[in-house]
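Below is one structure, written out as structure tokens, with a few remarks after it.
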Amino acid sequence: MNKIKLIKSTFLNEEETKKKLCEFIMSSEILSMSSECEKFEEKFSEKQERKYSVFVSSGSCANLLLIQAMLNTGKLKKGDKIFASSLTWATNIMPIIQLGLVPILLDVEEDTLNVSSKTLMDGYTKNPDTKAFFLTNALGLCSDVDEIKKICAINNILLFEDNCESLGSEYKGTRMGNFGIASTFSFFVGHHLSTIEGGMICTDDSELYENLKLIRAHGWTRNNSEDFRRRKRADSLIDDFYGIYAFYDLAYNFRPTEINGFIGNQQIAFWDEIIRKREDNFDKFHKATLNNDDIIKLKTGDMNVVSNFGFPLLFKNKELFEKYKELFEKENIEIRPIIAGNISKQPFYKKYKKNKNVCPNAEKIHRNGFYFGNNPEMNYIEIARIVNILKNT
Ligand SMILES: Cc1ncc(COP(=O)(O)O)c(C=O)c1O
């Protein structure tokens, strides 16, 4: 019985993509960030339906860069509180701490794994001075994100989304990643669309876009618009000669390479196929759980597309968790904790944050949940093997 792994391949159509990549490398003069990266950004903006995209070297870099941009542009300042999901990846929370902000963890709903308007309001009542919300859209799912957006707008809370796990999912006809002022994406192997390593930040705000590009590359303005460059030079009284080596603000080097850009351009052609296949698989797995009383049912009511790279299972108690864990292992199906579990239990969080954010649902998911892989190259035999377990017949 072959192993059903979390990640099946590096890319969709791997062999063909690798061959094209070899040819591209052999025929290219420039392999540092250039036209392939630019082309990928343009195509990504078009597919995601956002005005601007900034390609970076990972989803984690995208998160750090976005928060740095919030500080550089004065939208946030050190010491500000930021809401974040208790069920997320480490490098969603780490930049908040690294850059001197204070994460306030919000609980998630057990039937969506995501923060809802209710859990946001619970957090807001206790911390009404919170300035922003870095919402994670976990595993292709969401709660009532339209209500979350309204609450943020009414209370002047800046909303941005970590959409590293939810490319292509849609809520009430809007793509995930299009609810906040900016959103981040990951193209790590096994995510929806792979560039091996890579990430993106999308926004419709032109000033934020210019700042993101400046922070991506050393703090200089070489990749910026002529107008932005001129303004920066004029503000700092720098002439053209020194301007090329002027560093205007705190920044990083998070540039991707042309290799990542080229792969992105190859893979983005499969966007629709990747999303649809993951969605089809999700539907099959979801249906199979609906008559199984051991599993807490996932609520997807207002989502018109759910596309994810892992299917989460939350069991009603620890005994059932152990029972199914053993079953999956016996059937040679790889499983793992749901994202990073309750993030406040992670060693890094305990080291740097002493504040107690009590999140009972995240705790339940940590203790009683796991996920298995959902990828576009699963065959019907593999799907049937999983469905059989889920049906519990
Ligand atoms: C929610 C979330 N944010 C950020 C990241 C980081 O992305 P990357 O692995 O590209 O750095 C991940 C990675 O899986 C993630 O799940």
Cα centroid of the range 319-334 to Cα centroid of the range 372-393, whole Å: 14
Length added when fully stretched, GLU334-ILE97, from 0.36 nm per residue minus Cα-Cα: 82.1 nm
Per residue, the convex hull enclosing the Cα atoms of the range 41-96 spans a volume in Å³ of 111
How big is the range 271-391 by the Kirkwood estimate over distinct Cα pairs, in Å? 15.6
20 Å reach of a label modelled at GLU207, 7 Å along Cα-to-Cβ, counting backbone N of the range 161-179: 161
With an 8 Å Cα cut-off and a minimum separation of 6 or more residues, compute the relative contact order for the range 271-391 in percent. 39
With an 8 Å Cα cut-off and a minimum separation of 6 or more residues, compute the relative contact order for the range 1-117 in percent. 15
For the chain, set up a Gaussian network in which alpha carbons nearer than 10 Å are linked by springs, and say which option among ILE381, ILE275, ILE201 fluctuates the most. ILE381
If you count the DSSP beta bridges with both ends in the chain, what percent of them are antiparallel, to the nearest 5? 60
Between GLU326 and SER9, what FRET efficiency follows from the Cβ-Cβ distance if R0 is 25 Å, with the result rounded to 0.05? 0.35
Acute angle (nearest 10 degrees) that the helix 226-236 long axis makes with the longest principal axis of the chain, alpha-carbon atoms: 70
Roll a 1.4 Å probe over the protein heavy atoms and report the accessible area of VAL189 in Å², nearest 10. 30
Averaged per residue, what accessible surface does the range 271-391 expose to a 1.4 Å probe, in Å²? 48
Can you tell me the orientation of helix 318-330 relative to the chain, as the angle in degrees between its alpha-carbon axis and the longest Cα principal axis, to the nearest 10? 90
Determine the order of GLU29, GLU207 by accessible area, beginning with the largest, at a probe radius of 1.4 Å. GLU29, GLU207
Output the relative contact order of the range 320-393, whole-number percent, from Cα pairs under 8 angstrom with separation of 6+ residues. 38
In whole Å, how far is the Cα centre of the range 217-245 from that of the range 183-199? 31
What do you get for the angle between helix 59-72 and the principal long axis of the chain? Use alpha-carbon atoms, 0 to 90 degrees, nearest ten. 50
Within the range 116-186, trypsin sites (Lys or Arg not before Pro) in DSSP loop having at most 16 other beta-carbon neighbours inside 10 Å: LYS172
Which aspartates and glutamates have a Cα lying under 13 Å from the Cα of LYS284, excluding residues fewer than 8 positions away in the same chain? GLU382
Of the listed pairs LYS47/LYS149; LYS126/LYS354; LYS8/LYS277; LYS78/LYS150; LYS316/LYS364; LYS18/LYS51, which have alpha-carbon separations greater than 19 Å here? LYS47/LYS149; LYS78/LYS150; LYS18/LYS51
Rounded to a whole %, the carbon-and-sulfur portion of the accessible area of the chain at a 1.4 Å probe is 53
Okay, which of the range 281-297 sit inside 19 Å, backbone N to the point 7 Å along the Cα-Cβ direction of GLU319? 292-296
Could you tell me the extents of the chain's C-alpha atoms along the three principal axes, largest first, rounded to whole Å? 74, 56, 38
FRET E, pair LYS51, ASN253, Förster distance 22 Å, beta-carbon r, rounded to 0.05: 0.35
Grab the DSSP H runs of the chain that are 4 residues or longer, score each as -39,500 (n - 2.57), total them, divide by all residues and round the 222 nm result to the nearest 500 deg cm²/dmol. -13000 deg cm²/dmol
Under 10 Å, Cα contacts only: if you run a Gaussian network model on the chain, which one of ARG276, ARG231, ARG50 comes out with the highest mean-square fluctuation? ARG231
Return the inverse of the average 1/r over all pairs of distinct C-alpha atoms in the range 136-201, which is the Kirkwood hydrodynamic radius, in Å to one decimal. 12.2
With a 1.4 Å probe and all protein chains left in place, how much accessible area per residue does the range 14-269 have, in Å²? 40
DSSP-assigned coil residues among trypsin sites (Lys or Arg not before Pro) in the range 321-391, each with at most 14 further Cβ atoms within 10 Å: LYS354, LYS356
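The values are calculated or read from the model by the stated rules, or taken from the named source; none is laboratory data. Worth saying up front: this structure is predicted, and the values here are computed from it rather than measured. Note: ideal-geometry Cβ built from the backbone for every residue, glycine included; neighbour counts use all protein chains shown. SASA here: full protein model, heavy atoms, side chains in, ligands and nucleic acids out. Shrake-Rupley method; radii C 1.70, N 1.55, O 1.52, S 1.80 Å.
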